[in-house]
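The values are calculated or read from the model by the stated rules, or taken from the named source; none is laboratory data. Everything quoted here is computed from the prediction, not taken from an experiment. Cβ placement follows ideal geometry from the backbone for every residue including glycine, while neighbour counts extend to all protein chains displayed.
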Amino acid sequence: MTPNSSSPVFTTQFDTGNQEFVATGVLRPRSITDIADDLLLLRDKIETVQGVFYVNLKRVTHMNSTAFRALARVLVDASRSRPELRIVVLTSSVVAWATQLFRHLSELSPNISMEIYDSAFYPGQTFVENKSFIPILRTQTKMTWRHEREILPRHGLRSGMAIADICCGIGDFAMLVRKEFDPARIVALDHSMASLDYARSVAEDFRVRDIEYTYGDASQMLFEGDQFDFVTCRHSLQIFNRPELLLRELYRICKPGGRVYITNEKNSHCLGEPRADSIQWTYNEVAKLFRHFDMDVEMGPKGSRLLLDTGFEDVRIESFMVTNLDGDPQEFADVIEAWEDVYAGEMSVRRGDSPEFVARFRQGFRDHIFAALHPRGYAGWPIWAASGQKPL
Amino acid sequence: MKRQEAAVVADTAFEQLLNLEMEMATFTADWLHCDQLSNYVARMVSHDRRDPLRHSNLLSSALNELLEMSFRSDAQEGELICVFYRHEQIERIELSFPCPSQQRRFYSVLVEDLKHNGQLANYVEVIADETAPLEQAVLLGLAVNYDADIELRTSTADALTFVVDLPLERLLH
C-alpha cells in the first residue's frame with residue numbers, strides 16, 4: 001500500500017536472517033490490489049526459505065477482513081504447496097483482535113500456527129509479579145520519590161502535561177505524579193495484569209478516575225506517535241534484554257520537544273558501613289546474576305549514552321543515593337530483605353548456584369541490613385536519573 | 001448475554017453514548033473515512049472503560065468492519081447514522097445506511113444464517129474461499145471473533161440498520 005499524507009502507514013519487509021516477514025502499521029485496504037506488492041513479497045519470500053517461516057504481525061495495530069483473507073490465502077496456499085514448511089504467525093497478547101483472528105489459521109492448515117510473542121519478552125518480570133512483592137515495590141517508590149519529586153522538574157516535568165508512565169508496575173509512581181504535578185492526562189502502561197489490577201484497585205479506593213491504566217507491551221505500544229509531553233520509564237530498561245527497542249518506542253510516543261525520563265540502577269555501587277567488603281562482594285554478584293538472565297542492573301550511568309544513541313537531544317543525567325537516613329531505616333532494611341529473598345532465594349537458586357555461594361550471597365544482604373539499622377551505620381542504594389528531549 | 005436475554009433487557013437498558021450522522025455521499029467520498037471514523041469514535045466511546053487503549057483498539061476493529069461494509073452499499077443517497085449505546089459489559093452499535101432492497105435481502109439472509117449452528121466452521125471455510133462474499137466474512141468474523149450478536153432492522157424503505165452488540169470488555173479480561 002502506498003502511504004500518502006493522510007493514509008495510515010503500513011509497511012512490510014523481509015528479514016532474511018530470521019526468515020521473518022515483518023508487517024507494521026494499519027492494514028485496512030479497500031481491495032486486495034492495494035496490498036498486491038506486500039502479498040507478492042510474502043509469496044516470493046516463502047519460496048526462498050527452509051524449515052520455519054515467521055510472519056511477524058506484532059506491530060500491526062489494525063487489519064480488516066479484506067487483508068486478513070488475502071493474507072490467510074497466501075499462507076494456506078504456501079502451506080499446501082510446501083508441506084515440509086512450518087509457518088508461524090507471531091502476534092502480541094496486547095492486540096486482542098489479532099489473537100482472535102489468527103487462531104483460525106491452524107484449522108485451515110496444520111502447518112500454520114500462531115504464537116503469542118510478548119509473553120516471553122520480559123526476563124525480569126516473573127521475579128517481581130508475586131503479590132508478596134507489592135509492599136516492597138511501594139516502599140521502594142516511597143523512598144525514591146523523596147528524591148524524584150525534586151529531580152523531575154529539572155528534567156522538564158511541569159503541571160498540565162500529557163504524561164505516560166511506561167512499565168508503571170503497581171501504579172504508585174503515576175499516582176504520586178498525578179497528585180504532585182496535576183497532569184492534563186496521565187496514562188500508565190504495564191505488561192503485568194496482576195500489577196495493573198492492584199493499581200486499579202488502589203485508584204478505586206482513592207476515588208482516582210483520571211489515570212488510564214493499560215495492559216501493553218512496552219516494546220510494541222498501541223499508542224499513536226507524538227502523543228506525550230513527558231514519558232517516564234523507571235527501573236525497567238535495566239530488566240529488558242533489548243532496552244534499545246523500548247527506547248525507540250518511548251521516543252516514538254513522545255511529542256517533538258517533549259522529554260523521556262528514565263531511571264536505572266548500578267547495583268555494584270550499593271554500599272554500606274560497617275561490613276563494607278561483604279556488602280560490596282554481594283552487590284557485585286547481583287550484577288553478574290542479572291547479567292546471567294540477560295538484564296543489566298549496571299545500566300544507570302549508561303543512561304546518557306542510551307538516550308543519545310536513540311536520537312534524543314539536550315540529555316541530562318544525575319544520580320541520587322537512597323539511604324537509610326532518608327526516612328525510617330527499617331523501610332530500607334525491608335527492601336534489602338526483599339531483594340535477598342528474590343535474588344538469593346529465587347534467582348541464584350534458579351541459576352544453579354551452590355548452597356555455599358547462596359549462603360555467602362545472602363550474608364552481604366544481611367550485612368547491608370545490619371549497616372542500615374546500625375545507630376552509626378550508613379547504607380546506600382544509588383540510582384541514575386536521565387532524560388532527553390525529542391528533537392522538534 | 002444471549003440474544004434472547006438481550007432482547008428482554010432491550011433498548012431501555014442501553015444508555016446512549018454517541019450519535020453520529022453523515023451524508024452517505026460525504027462518507028463514501030474517501031475510503032479513509034472508515035479508518036478515521038472508527039478510530040476517532042472508538043477512542044471517545046472507550047475512554048472510561050477499564051483499559052481504554054485496548055478497548056478502543058478492539059472497538060475500532062469491529063466498527064471499521066461495519067463501516068467498510070456500509071461504504072460498499074450500492075446506494076449513495078441518504079444518511080449514514082451511527083449510534084452507540086452501552087449496557088454493562090456490552091457496547092451496542094446501531095449503524096444505519098441507505099441500501100437498495102435487493103442488497104437488504106442479501107444482508108437478511110446472511111444475518112439469518114448467523115443464527116444457525118456452525119458459525120465457526122462456516123467462518124473458517126469463508127476465510128479461505130475467495131468466492132465467498134466479503135460481507136459474509138465480515139458478519140461471521142464479528143460473530144466468531146468478537147462474540148457479537150447481530151440483528152437487522154429495516155428502518156425506512158430504503159435504509160437498513162445493523163444492531164450489533166459487542167461484549168468487548170469481557171473479551172479483554
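Observations on the model:
- Test for A:E244: is it closer than 30 Å to A:L57 by Cα and either touching a Cys at 6+ places or on another chain (Cβ under 8 Å) or of a type in the set (D, E) (or both): yes
- Top-ranked residue in segment B:21-30 [being within 14 Å of chain A (Cβ to nearest Cβ) and surrounded by fewer than 17 Cβ atoms within 10 Å (Cβ to Cβ); ranked as farthest from A:S7 (Cα to Cα)]: B:A29
- Qualifying residue in segment A:229-250 (condition: outside any strand (DSSP E or B), within 13 Å of chain B (Cβ to nearest Cβ), crowded, with 17+ Cβ neighbours inside 10 Å and on the phi < 0 side of the Ramachandran plot): no
- Against the numbered list (1) assigned to a loop (DSSP other than H, G, I, E, B); (2) away from every other protein chain (no Cβ under 14 Å), A:S7 comes up short only at (2).
- Scanning segment A:21-53 for residues that are in a strand (DSSP E or B) and more than 30 Å from B:C34 (Cβ to Cβ) returns A:V52, A:F53.
- Scanning segment B:13-46 for residues that are among the aliphatic types (A, V, I, L, M) and either within 16 Å of the chain's Cα centre (by Cα) or within 25 Å of A:E224 (Cβ to Cβ) (or both) returns B:L17, B:L18, B:L20, B:M22, B:A29, B:L32, B:L37, B:V41, B:A42, B:M44, B:V45.
- Candidates A:D334, A:D296, A:D326 - the one that is assigned to a loop (DSSP other than H, G, I, E, B) and farther than 18 Å from A:F240 by Cβ: A:D326
- Being more than 13 Å from the chain's Cα centre (by Cα), surrounded by fewer than 18 Cβ atoms within 10 Å (Cβ to Cβ) and farther than 19 Å from A:E107 by Cα holds for only one residue in B:E151, B:E130, B:E112, and it is B:E112.
- A:R86, sole failed condition from (1) more than 9 Å from every other protein chain (Cβ to nearest Cβ); (2) surrounded by 23 or more Cβ atoms within 10 Å (Cβ to Cβ): (2)
- Evaluation of A:Y54 against (1) buried (at least 21 other Cβ atoms within 10 Å of the Cβ); (2) of a type in the set (F, W, Y); (3) at pLDDT 95 or above (one fails), failing number: (1)
- Residue list for segment B:30-64, filter: within 16 Å of B:L171 (Cα to Cα) and touching a Pro at 6+ places or on another chain (Cβ under 9 Å): B:S46
- Filter pass, A:K288 being of a type in the set (K, R), part of a strand (DSSP E or B), out of contact with any helix residue (DSSP H, G or I) (no Cβ under 6 Å at 6 or more places or on another chain) and not assigned by TED's automatic domain parsing to the domain that holds A:S93: no
- Test: residue in segment A:266-277 that is under 28 Å from A:P183 (Cα atoms), part of a strand (DSSP E or B) and out of contact with any Asp or Glu (no Cβ under 6 Å at 6 or more places or on another chain): no
- Selection of segment A:352-387 for residues being touching a residue at least 24 places away in the same chain (Cβ under 8 Å), β-branched (V, I, T) and in a helix (DSSP H, G or I) yields only A:I369.
- Within segment B:31-58, the set of residues being in contact (Cβ under 8 Å) with a residue 60 or more places away in the chain, at the interface with another protein chain (Cβ under 9 Å from one of its Cβ atoms) and surrounded by fewer than 22 Cβ atoms within 10 Å (Cβ to Cβ) comprises B:R50 only.
- Of all residues in segment A:158-197 being within 18 Å of the chain's Cα centre (by Cα) and hydroxyl-bearing (S, T, Y), the one that is surrounded by the fewest Cβ atoms within 10 Å (Cβ to Cβ): A:S192
- Residue within segment A:306-314 that is of a type in the set (V, I, T), assigned to a helix (DSSP H, G or I) and closer than 30 Å to A:G225 by Cα present: yes
- Where A:L41 falls short, out of the listed (1) within 14 Å of chain B (Cβ to nearest Cβ); (2) modelled with pLDDT of 95 or more: (1)
- Being more than 13 Å from chain B (Cβ to nearest Cβ) and touching a strand residue (DSSP E or B) at 6+ places or on another chain (Cβ under 7 Å) is a property that A:G257 has.
- Condition check for A:I151: within 13 Å of chain B (Cβ to nearest Cβ), closer than 27 Å to A:G327 by Cβ and either surrounded by fewer than 17 Cβ atoms within 10 Å (Cβ to Cβ) or not basic (K, R) (or both): no
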